[in-house]
Amino acid sequence: MKFSLLLVFIAVVGNFGVCFAQDEGTTNEELVPRSYVLPFVASQPESPIKITKFFVTRDSSGKILTRYEVKNISDKPVKSYVLARLYNDNTGIIAPGVQPQGNKLLLPGGRVRNYDVDFSNPRMASLSKERMEKILFILVAKVEFADGSVYEDEKVVGAFEQFSESNW
């Protein structure tokens with residue numbers, strides 16, 4: 001319950017600021033080592049959206065950002081989708097994912113990402129702590145198609161919520 005309230009609070013109060021902050025790509029970002037924040041993509045074989053890339057960066061002010069790329073693997077255009085980015089310490093955000101420029105539909109086979117920086121040869125962040133601080137999970141919570149039909153994975157989001165409340 002505590003986790004649910006936190007997510008609702010984050011989604012309502014901080015949704016726009018967090019989304020915009022995470023959508024801005026800057027060349028000052030450094031890749032956060034997986035030994036510090038370990039990113040996991042949840043297995044969701046039924047999901048019409050596949051998360052093809054997922055990693056964590058830190059900007060010049062020290063803010064941790066999540067970076068991802070998704071692909072529409074369905075045969076229908078996607079109007080919108082919601083991703084859950086959840087840490088093992090019961091924090092995180094459930095928020096809309098980025099859409100193609102101009103609020104266009106994400107067409108079948110289409111890809112979109114929330115960064116515009118080339119991370120093929122990234123700078124690694126130098127961190128004062130050498131131990132793992134967090135585990136970060138990403139999963140598709142909801143997809144709305146152009147025809148009005150909806151895919152939701154409430155069971156997985158709810159199961160993670162219950163697991164994290166009782167185990168961490």
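Every read-out reported here was derived from the displayed coordinates using simple, explicitly stated rules and does not represent laboratory data. Keep in mind it's a predicted model, so treat the numbers as computed, not measured. Cβ sites come from the backbone with ideal geometry, for glycine too, and all protein chains shown count toward neighbours.
Quick notes on this structure:
- Residue ID - nearest to the chain's Cα centre (by Cα), chosen from residues in the stretch 42-58 that are outside any strand (DSSP E or B) and crowded, with 16+ Cβ neighbours inside 10 Å: A42
- Those residues of the stretch 59-78 which are of a type outside the set (F, W, Y), part of a strand (DSSP E or B) and either touching a residue at least 40 places away in the same chain (Cβ under 8 Å) or farther than 14 Å from N28 by Cβ (or both), in sequence order: L65, T66, R67, E69, V70, K71, N72, V78
- Residue match in the stretch 77-84 (condition: farther than 17 Å from V157 by Cβ and in contact with a Pro (Cβ under 9 Å, 6 or more places away or on another chain)): yes
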